[in-house]
Amino acid sequence: MTTPRADLEAALARQPRVPLAILPTALHPLPRLSEALGGPEIWVKRDDLTGLAFGGNKTRQLEFLFADVLASGADTVIAGAYTQSNWCRQMTAACARLRLSIHLILLHGQKGPKLQGNLLLDRLMGAEVEIVDLDSMEKLQPLIDARAEELRRRGRKVYVVEPLGLRSNVLGTLGYVQATLELLDQIEASGHAFHHLYQCGANMQPAGLALGLEALAAPIKLATVTSIRWSTPRGGDIARIANATAEHLGLQVRVTPERVNATDDYIGPDYGVLTPEAREALHLCARTEGLILDPVYTAKAMAGLIDHVRRGIVGRNERVIFLHSGGTPALFAYAEDLGLG
Ligand SMILES: *Cc1c(COP(=O)(O)O)cnc(C)c1O
């Protein structure tokens, strides 16, 4: 007689994985933040402390993606996103550790070519960086493909990480299915019941959490605060990524958009723009707990949580986990947006 937990553990154990993260990350209470909000009891899961080049959620995701990179026999990785991409920074760190070369093609985004934060770290860790001023991620793919061709002609064995590719999404999602098991163990050890799990995600992180929670029938409500506006409702896309991952794992369970529970309400004018509410959240966590959020993701998730507390969507007597997904190096590229004069 197997249990859902044993089935999930066995399915995950069959997935190739390269150790990169320092796990488990801590789960601890934030009593002064909880007090400042007049309840509920808020705890933080410290995935900003995964250990690889300032940490963050991408480290868990890359453990599965880089198993695929190594299996391909590649000596060079090509990827792209924005100049303040946490994904590219963590990939560069993984490449350094695994003795791979990495080429990044980066869009300006909100912070352009300023040598700060993630871009500074990419260069420090030896990435070959090209910065292009284009207005959308879709336009990156042809540039990445052309660079891959050029490097192959020069004899390199290239692994392309497509910016919006389903394969990298599914492999990365495994990281947060695994994280769900880790989190549920910590919840059990804490002896407390938790009612809500708040986090900011767009793809793999909420997909993995939703799938893990659903597979284990965990009685905890996931809230996904998104940071990027898409042309279609994101909950559906995230559920599709989760379900492609369920298929990859050979699991019967499926995720609905309701389980993902995504809200676009805290994005503000655009991806990567620090809203007044996110700035307030960032200041509040810094000044009550010495907990540093990032301007692009976690500050928006915390703004969402604070608003939901004020509106009674989260009860004053409930218990909440806030997943700190990292991104803190980007803060240094946002110095002038923090309202410190
Ligand atoms: C990338 C990122 C996210 C979103 O992760 P997805 O897997 O794309 O959902 C959240 N927070 C931080 C800090 C990130 O860098």
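The values are calculated or read from the model by the stated rules, or taken from the named source; none is laboratory data. None of the values given here were measured: they were computed from a predicted structure. Cβ sites come from the backbone with ideal geometry, for glycine too, and all protein chains shown count toward neighbours. What goes into the accessible areas is simple: the full protein's heavy atoms, side chains included, and nothing from ligands, DNA or RNA. Shrake-Rupley method; radii C 1.70, N 1.55, O 1.52, S 1.80 Å.
What to note about this one:
- Of residues in the range 248-261 being farther than 19 Å from T2 by Cα and either in a helix (DSSP H, G or I) or in contact (Cβ under 8 Å) with a residue 60 or more places away in the chain (or both), the one least open to solvent (accessible area, probe 1.4 Å): V260
- Only one of K111, K139 that is surrounded by fewer than 24 Cβ atoms within 10 Å (Cβ to Cβ), of a type outside the set (A, V, I, L, M, F, W, C), more than 21 Å from the chain's Cα centre (by Cα) and closer than 17 Å to Y271 by Cβ: K139
- Criterion violated by Y266 - all others in (1) more than 14 Å from the ligand (Cβ to nearest atom); (2) outside any helix (DSSP H, G or I); (3) buried (at least 18 other Cβ atoms within 10 Å of the Cβ) satisfied: (1)
- Filter result for the condition that a residue is more than 20 Å from V170 (Cα to Cα) and over 21 Å from the mean Cα position of the chain (by Cα), over L251, L338: L338
- You will find that of T245, T224, the residue that is open to solvent by less than 50 Å² (accessible area, probe 1.4 Å), of a type in the set (S, T, Y), touching a strand residue (DSSP E or B) at 6+ places or on another chain (Cβ under 6 Å) and farther than 21 Å from Y334 by Cα is T224 and no other.
- When A278 is tested against the conditions (1) open to solvent by less than 30 Å² (accessible area, probe 1.4 Å); (2) touching an Asp or Glu at 6+ places or on another chain (Cβ under 8 Å); (3) more than 12 Å from the ligand (Cβ to nearest atom); (4) under 23 Å from L119 (Cα atoms), the lone failure is (2).
- Filtering G236, G208, G212 for residues that are within 13 Å of the ligand (Cβ to nearest atom) and assigned to a helix (DSSP H, G or I) leaves a single hit, G208.
- In the range 144-164, the count of residues that are within 23 Å of the chain's Cα centre (by Cα) and open to solvent by 70 Å² or more (accessible area, probe 1.4 Å) is one or more.
- Residue match in the range 264-274 (condition: within 16 Å of S325 (Cβ to Cβ), out of contact with any Lys or Arg (no Cβ under 8 Å at 6 or more places or on another chain) and hydrophobic (A, V, I, L, M, F, W, C)): no
- Cβ-Cβ contacts under 6 Å between residues 6 or more apart (or on different chains), taken from a first residue in the range 306-328 that is away from the ligand (no atom under 16 Å from the Cβ) to a second residue that is part of a helix (DSSP H, G or I) and open to solvent by less than 10 Å² (accessible area, probe 1.4 Å), are listed as I306/A281.
Quick grid of which residues meet (1) within 16 Å of the ligand (Cβ to nearest atom); (2) of a type in the set (K, R); (3) buried (at least 20 other Cβ atoms within 10 Å of the Cβ):
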position	(1), (2), (3)
Y271	yes, no, no
H283	no, no, no
L291	yes, no, yes
A303	yes, no, yes
A333	yes, no, yes
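- Criterion (at pLDDT 95 or above and over 21 Å from L104 (Cα atoms)) met by exactly one of I131, I144, I220: I220
- Boolean, L49 is under 23 Å from A207 (Cβ atoms), surrounded by fewer than 21 Cβ atoms within 10 Å (Cβ to Cβ) and not hydroxyl-bearing (S, T, Y): yes
- Set side by side, the residues S227, S231 differ, and just one is assigned to a loop (DSSP other than H, G, I, E, B), within 11 Å of the ligand (Cβ to nearest atom) and not aliphatic (A, V, I, L, M), which is S227.
- Scan of the range 6-17 for residues that are surrounded by 15 or more Cβ atoms within 10 Å (Cβ to Cβ), within 15 Å of Y176 (Cα to Cα) and not polar (S, T, N, Q), ordered by number: L8, A11, L12, R17
- Cβ-Cβ distances below 6 Å connect the following pairs, each with a first residue in the range 38-56 that is in contact (Cβ under 8 Å) with a residue 12 or more places away in the chain and within 13 Å of the ligand (Cβ to nearest atom), a second residue that is part of a loop (DSSP other than H, G, I, E, B) and aliphatic (A, V, I, L, M), and a separation of six or more residues or different chains: R46/A26; T50/A21; L52/L20.
- Boolean, R167 is in contact (Cβ under 8 Å) with a residue 24 or more places away in the chain and among the charged types (D, E, K, R): yes
- Set L104, L174: member being more than 17 Å from the chain's Cα centre (by Cα) and crowded, with 16+ Cβ neighbours inside 10 Å: L104
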